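Asks: One structure follows; several queries about it will come next.
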Amino acid sequence: MSDCIFCKIANKEIGALVYEDDTVAAFNDLNPQAPVHVLIIPKKHIARISDVTNGEDAALMGHMMVVANKIAAERGIAEGGYRVVANCNEDAGQSVWHIHFHLLGGRQLGWPPG
Ligand code: 5GP
Ligand code: ZN
């Protein structure tokens, strides 16, 4: 989608990626909420996780999880602990309409989230 900020980041029109493969990209969050705050996105534009309704997209989400784990290990937060979260729609606080997994770590994280 030409007007989607995360599509532009995935296409390397703006910003800087910290990870990329054929189907997934990752980059540091602009407004980090923890010492490690990386966003993992599918290169394919899918607006929200509730739009994941077929096996191909489900496999893509699984691959994003693997990428999150890999980045967590690289950033040294795998053993201490980390959180992977996706906000879906307004009540959850979603503000960018292209699926993204937040990878958060490097400090003690509170639960439940606000
Ligand atoms: P949401 O609120 O949709 O779950 O998360 C959106 C996230 O995207 C926020 O944490 C916000 O800081 C981040 N974000 C929004 N615009 C940009 C941008 O242009 N670049 C980067 N790197 N992060 C962004
Ligand atoms: Zn997009």
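The values are calculated or read from the model by the stated rules, or taken from the named source; none is laboratory data. Please read these numbers as outputs of a predicted model, since none were measured by experiment. Virtual Cβ from ideal backbone geometry, glycine too; neighbours counted across all protein chains shown. The accessibility values were calculated without ligands, DNA or RNA, using every heavy atom of the protein model including side chains. Shrake-Rupley method; radii C 1.70, N 1.55, O 1.52, S 1.80 Å.
Asks: Hey, among VAL38, VAL84, VAL67, which residue is outside any strand (DSSP E or B) and among the β-branched types (Val, Ile, Thr)? Quick ask: steps written out before the conclusion?
Replies: Details: VAL38 fails: outside any strand (DSSP E or B); VAL84 fails: outside any strand (DSSP E or B).
From the options VAL38, VAL84, VAL67, the qualifying one is VAL67.
Asks: Also: Can you tell me which residue among ASN28, ASN11 is under 12 Å from the mean Cα position of the chain (by Cα) and among the polar types (S, T, N, Q)?
Replies: Values: ASN11 fails: under 12 Å from the mean Cα position of the chain (by Cα).
So the residue among ASN28, ASN11 that is under 12 Å from the mean Cα position of the chain (by Cα) and among the polar types (S, T, N, Q) is ASN28.
Asks: Still on this structure, I have one more. Give me a count of the residues in region 45-74 that are within 16 Å of ligand 1 (Cβ to nearest atom), charged (D, E, K, R) and over 12 Å from the mean Cα position of the chain (by Cα).
Replies: 1
Asks: Just give me the residues in region 15-36 being closer than 15 Å to GLU74 by Cα and open to solvent by less than 30 Å² (accessible area, probe 1.4 Å), in sequence order.
Replies: Our first condition is that a residue be closer than 15 Å to GLU74 by Cα; within region 15-36, this holds for 17-20, 26-28, 35-36.
Correct list: ALA26, PHE27, VAL36.
Asks: With under 26 Å from PRO113 (Cα atoms) and among the basic types (Lys, Arg) as the only criterion, which of LYS44, LYS70, LYS12 stands out?
Replies: Values: LYS44 fails: under 26 Å from PRO113 (Cα atoms); LYS12 fails: under 26 Å from PRO113 (Cα atoms).
Selected residue: LYS70, the only one of LYS44, LYS70, LYS12 that is under 26 Å from PRO113 (Cα atoms) and among the basic types (Lys, Arg).
Asks: What are the residues in region 75-91 that are more than 16 Å from the chain's Cα centre (by Cα), closer than 20 Å to ALA34 by Cα and open to solvent by 60 Å² or more (accessible area, probe 1.4 Å), if any?
Replies: GLY76, GLU79, GLY80
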